[in-house]
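Novice: Here it is: the structure, laid out below.
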Amino acid sequence: GIALAADPVAINDVTATPDLQGAFHVTIVGTNAFVTAESGNSLTIVDISTPSSLSVTGTVQDNTNLNQPRGVVVSGSVAYVACYGGHSLTTVDVSTPASPSVLGQVIDATNLNGAIHVQLVGTNAFVSCHLGNALAVVDVSTSATPDYATAGSSLVDATNLQGPAGFVISGNYAYIAVLSGNGFAVVDVSNAASLSLTGGLIGNADLTQAAGVVVSGTLAYVACFGGKLTIVDVSTPASPSVTGSLSDTTNLNGAWGIALSGSYAYVATYTSKSVAVVDVSTPASPTLADSKIDTTKLDGSRAVALDASNNIYVSSASYNGLSAWSWTSPASAGSDPVARYGNMVRVFELPLGELVPLVVTPDITIQGSVFPGGPWEQWFNRMVLSTPDERFMDIRMADLSLGFNRSTFQRNHLQTLQITVGEGSISNPRRLKRISSSSAIIDAESMGGYEGVTRRVLRSFSSHNPMIGSYNRECVDLAGYWLHFYVCSAPADEYYGDFRHLAVEYAHLDLLLIEIRDHGKLSGVLPELWGIVPMSETTKSYVIEDKTANISQHSSSIDL
């Protein structure tokens, strides 16, 4: 089996001025990312159809009608933009992404004062107004002439809506992050002509400078600029209550944008210059799962959005750009020949007994070959790692059916892995050396700049069964410039009870990718199956079924 697990790693990025100058908000529709550029007074459309090759499709720049644009939402062929400096809501025709154009605008320095975020419900655009301490409603039934004067309404509340920022509408309620008031508000929007405050939490220490919010079920997840992610119970809208909070001024300082996928919240931070991944599976005690700090690409991060494959897109004001990232939680191997990436599922088969290039980087190639594990299964029994300077490592699964005599077997020798390193080609080596120790040190010279160790999987290792029958599971742990990965022996966990002997008979190799420096530099079968790079005709021939599924958490894996 193969799984990808890493802290957030860069896939690609695009930066441009004035198109993305002061990039503030990003929203994704299909294969397009719509980015507001506050300093550039523009709305820019970025093509994200190939995450490893982002490109600007079109831009509309307008100092009058797009004065300091911040929030944006898209419906059909129209984008609705909240303009902070213009105290306005502007509509933009995006039917032709290469040439977006302004349709109309409503300016109201009183009721749209400091417009910062926008959501659309039917023919009404709801706008949070940071300077006006308000939530306003604009009639957009005619997108070319958005109307507040005759059909709009507003709820102004200097206490409960003091400096509102991001918000989301779910059902009859708007859930609002109250930035200046250090709180959270719930507003009844069932009657757009007469908004009313339902409940709130103002001046709460867990909601310091609340900036962004998403809602799932009865929980609201709030990103707080003061360095926190706080979860609020909204099961009773009139009396919301804090369920749990994570404070982390290293990774969450300046938290602003937030997105949710399954059990993970993705937070863009302005001050920490990071995208943080928070495990929210236990709402009472959210924990930091991972974080990527990048003082260049994530400098001044404001918003985060996910595409259909759960790639992460972050708009960064100081970088003047949009960057694409990938993150997956660690995953163990399964039995079926299935590749998963986000909500994409690909069922596939590889040719038996042939070395196939799984992952190729500028400094190492990982090949693997499979054997049949029954009529519907495949397993890896060999992996070959090779470098451009003709160094290689041949890792094979030992034949465990032969057994071994524990009384004569040396305690620190490998039991389940057969490892050979060499120089030259794998078919015609100039030199070979067998690695037999279960605690060997692999130096960079012998593996073309990659160094690591062999080790046994301990019984305390929580993610996997540490044994294959009576044998110890073992791993090769290698790290270099482009990759950090494990190759480990593993039992066929699907077999137990009367068939537990098959767990040993079908023991196999797993590949776990821990860190990838740049997805844009990858090639091979796995990146093609994951959709990171275009799929070749050869890889297409391996695919049996291509479909989507509701994956409950961020995941990218190959199960074999």
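The values are calculated or read from the model by the stated rules, or taken from the named source; none is laboratory data. In this text, all values refer to a predicted model and were calculated from it rather than measured experimentally. Heads up, the Cβs are rebuilt from the backbone with ideal geometry, glycines too, and the neighbour counts pull from every protein chain shown. Side chains are part of the model used for accessible areas, which takes the heavy atoms of the whole protein and leaves out ligands, DNA and RNA. Shrake-Rupley method; radii C 1.70, N 1.55, O 1.52, S 1.80 Å.
Novice: In debye, nearest 20: dipole of the chain around its Cα centre with unit charges on the Cβ of K, R (+) and D, E (-)?
Specialist: So the dipole magnitude of the chain works out to roughly 1020 debye.
Novice: Projecting each Cα onto the charge dipole of the chain (Lys/Arg +1, Asp/Glu -1 at the beta carbon, about the Cα centre), which of L509, G122, A223 comes out farthest on the positive side?
Specialist: In the chain, that residue is L509.
Novice: Now for a different question. Percent of Cα-Cα pairs per 10 Å bin, from 0 to the last occupied bin, for segment 1-157, please list those.
Specialist: Result returned by the calculation: 12, 41, 29, 12, 4, 1, 0.
Novice: For labels at L131 and T150 in the simple 7 Å Cα→Cβ model, what's the distance in nm?
Specialist: With each label placed 7 Å out from Cα toward Cβ, I get 2.8 nm.
Novice: Here is a follow-up. Have a look at segment 77-154 and give its Rg and Dmax from the Cα atoms, expressed in angstrom.
Specialist: 11.6, 36
Novice: Which peptide among 219-230, 29-40 comes first, and what is the full order, when sorted by highest mean count of other Cβ atoms within 10 Å?
Specialist: The peptides rank, most packed first, as 219-230, 29-40.
Novice: Dividing the Cα convex hull volume of segment 259-331 by residue count, how many Å³ per residue is that?
Specialist: Cα-based convex hull of segment 259-331, divided per residue, equals 84 Å³.
Novice: Sticking with this one: Accessible area of the chain with a 1.4 Å probe: how many percent of it is carbon plus sulfur?
Specialist: 45 percent
Novice: With the other protein chains left in place, how much accessible area per residue, in square angstrom, belongs to the chain at a 1.4 angstrom probe?
Specialist: Per residue, the chain has an accessible area of 38 Å².
Novice: Continuing with the same structure: Can you check how the C-alpha radius of gyration of segment 32-88 compares to 2.2 N^0.38 Å, as a plain ratio?
Specialist: 1.14
Novice: Now for a different question. Count charges around S99 for me, please; just the other residues with Cβ under 15 Å from its Cβ, Lys/Arg as +1, Asp/Glu as -1.
Specialist: -4
Novice: Another question, then. Net charge around S241, counting only other residues with Cβ within less than 11 Å of its Cβ (Lys, Arg = +1; Asp, Glu = -1)?
Specialist: The answer is -2.
Novice: Here's another thing I want to ask about it. Once the Cβ-Cβ distance between L120 and S196 is put in as r, and R0 is 22 Å, what FRET efficiency do you end up with, to the nearest 0.05?
Specialist: So the FRET efficiency works out to roughly 0.60.
Novice: So how compact is the chain: Cα radius of gyration and Dmax in angstrom?
Specialist: Taking only Cα atoms of the chain, I get Rg and Dmax of 26.7, 91 Å.
Novice: Related question: Report the net charge of residues surrounding I48, where surrounding means a beta-carbon distance below 12 angstrom and charges are Lys +1, Arg +1, Asp -1, Glu -1.
Specialist: -3
Novice: Using Cβ-Cβ distances only, list the Cys residues of the chain with no partner cysteine under 4.7 Å, sorted by number.
Specialist: C83, C129, C224
Novice: Rounded to the nearest 500, what is the 222 nm mean residue ellipticity of the chain from helices alone, with -39500 (n - 2.57) per DSSP H run of 4+ residues and division by all residues?
Specialist: For the chain, the value works out to -500 deg cm²/dmol.
Novice: Oh, and also: If each of R434 and S523 carries a label point 7 Å out from its Cα toward its Cβ, how far apart are those two points in nm?
Specialist: Each label point is offset 7 Å from its Cα along the Cβ direction, giving 3.6 nm.
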